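Worksheet for the structure shown next.
We did not get these values from a lab; they are worked out from the coordinates using the rules stated. None of these values were measured; they are calculated from a predicted model. A quick note on method: Cβ atoms are made from the backbone with ideal geometry, for glycine too, and the neighbour counts reach across all protein chains shown.
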Amino acid sequence: MGKLGLSIYPEKSTFKQDAAYLDLAHQYGYTRVFTSLLEIKGEKERVINNFKKVVDYANILGMEVMVDISPRLFTELEISYDDLSFFHDLGADGIRLDLGFTGQEEARMTRNPYGLKIEINMSSGTNYVDNIMSYGPKKETLIASHNFYPMEFAGLALDHFEYCNEKFIKYGLNTAAFVNAPSATFGPWPVMDGLCSLEMHRHLPIATQVKHLLLMGTIDDIIIANAYASEEDLKAASEAFFANELELLVDAKEDITADERINLFEFPHFYRGDRSEYLLRSTMTRVVFKEKEFPAKEPEAIHRGDILVGNEKFGQYKGETQIALKDIPNSGRVNVVGKIADEELILLGYVQPWSSFKFVENI
């Protein structure tokens, strides 16, 4: 299983605040830390010592720390890509190359004697990773992650994101992407309209962002990009990441009956394997609840995301639970009992046949 992570920015905070944040995240199963050392402002030794103090504390908690750097920092610190001892001494588990080299250097860095991981940028859409692979890197220490974007409307488009992912997963590399915590207030730069890899995630609840990335099946590690996420957001992301099955938020109708509510919220659902383009069918509810009453209601138009229960007019399908994947006419044989919450409609296209899920009421 992948790792759940968070970000800290020591230059913009205090050790006490960072340590408290790491402690809290550790309680919720966070095991990866992203931090940035793209430039050093002020007295070099002081900045590095403060930075190391936070990295060491994360290490004590058993967290993996990746440090974001740029080629300019190599020059500033007089570091050679043939000698990564500086980052080893810093306590880092690896370095993320904000901007890459020619491919040959990255491949050589993966063979460093310290076992430091070399994390490369996934978001460019070029043949960058193919070039690195042509130089025979040590795959065990080569990983990848997407960028994050502080400016609204500048984040990655979904089709580009998926295109980039394919370039990396074909080599079996560990992948990562960033999500935005609505409660967090800062990142590495002055301007921040939230901080995420995918633009479509910017204003979504954090749990929905996590679910979306997991359902894609191409991202291993998920990292909260901005700091400090509230305990509520840390918990929500953790519960979504470590859930045994997908939980879909549902807005129940006001006239939902007690039996319909049991059907939706008190039974584990299973997506029937012979899929339809119109309906996602959970058929076992018609077996388990065949003796329950599902009186027919006044038919209403069915839209994508509506949740349906077969009523007494539907013969052997009485009690079957369905999710509309497209707008369809209502024959009067199903009751519309709720709908997938608007923010989670993006998840419907990723739910796979034979998978289990459950509905959770959106309160």
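Odds and ends about this structure:
- Taking the average, over residues, of other Cβ atoms within 10 Å as the packing measure, peptides 275-288, 170-183 rank 170-183, 275-288 from highest down.
- Computed [θ] at 222 nm, helices only, for the chain once each DSSP H run of length n ≥ 4 contributes -39500 (n - 2.57): -8000 deg cm²/dmol
- Each peptide in 353-363, 207-217 was scored by the mean count of other Cβ atoms within 10 Å over its residues; highest first, the order is 207-217, 353-363.
- Fraction of beta bridges assigned by DSSP in the chain that are antiparallel (%, nearest 5): 40
- A Cβ-based charge dipole, computed about the Cα centre of the chain with Lys and Arg at +1 and Asp and Glu at -1, lands at about 680 debye.
- Paired Rg and Dmax values of the range 1-127, which use every Cα atom, in angstrom: 14.6, 42
- Karplus (6.51, -1.76, 1.60) ³J(HN,Hα), θ = phi - 60°, over the range 97-106, in Hz, Gly and Pro reported as x: 8, 4, 10, x, 9, 9, x, 5, 5, 4
- Least to most buried among 114, 271, 228 (fewest other Cβ within 10 Å first): 114, 271, 228
- Taking amide hydrogens as placed 1.01 Å from N in the peptide plane, the amide H of residue 138 sits under 5 Å from those of 110, 111, each at least 5 positions away in sequence or on another chain.
- For the range 336-343, putting each phi into the Karplus relation 6.51 cos²θ - 1.76 cosθ + 1.60 with θ = phi - 60° gives couplings of 7, 10, x, 8, 4, 3, 3, 5 Hz, in residue order, rounded to whole numbers and with x for Gly and Pro.
- Most to least packed among 100-107, 63-70, 345-352 [average Cβ atoms within 10 Å]: 63-70, 100-107, 345-352
- For the pair the range 206-270 / the range 309-331, the C-alpha centres are spaced 24 Å from each other.
- Rotationally averaged projected area of the chain (alpha carbon convex hull; nm²): 19.5
- Cut-off under 5 Å, modelled amide H: who pairs with residue 68 long-range: 35, 36, 37, 96
- Cα-based Rg / Dmax (Å) for the range 226-363: 15.5, 54
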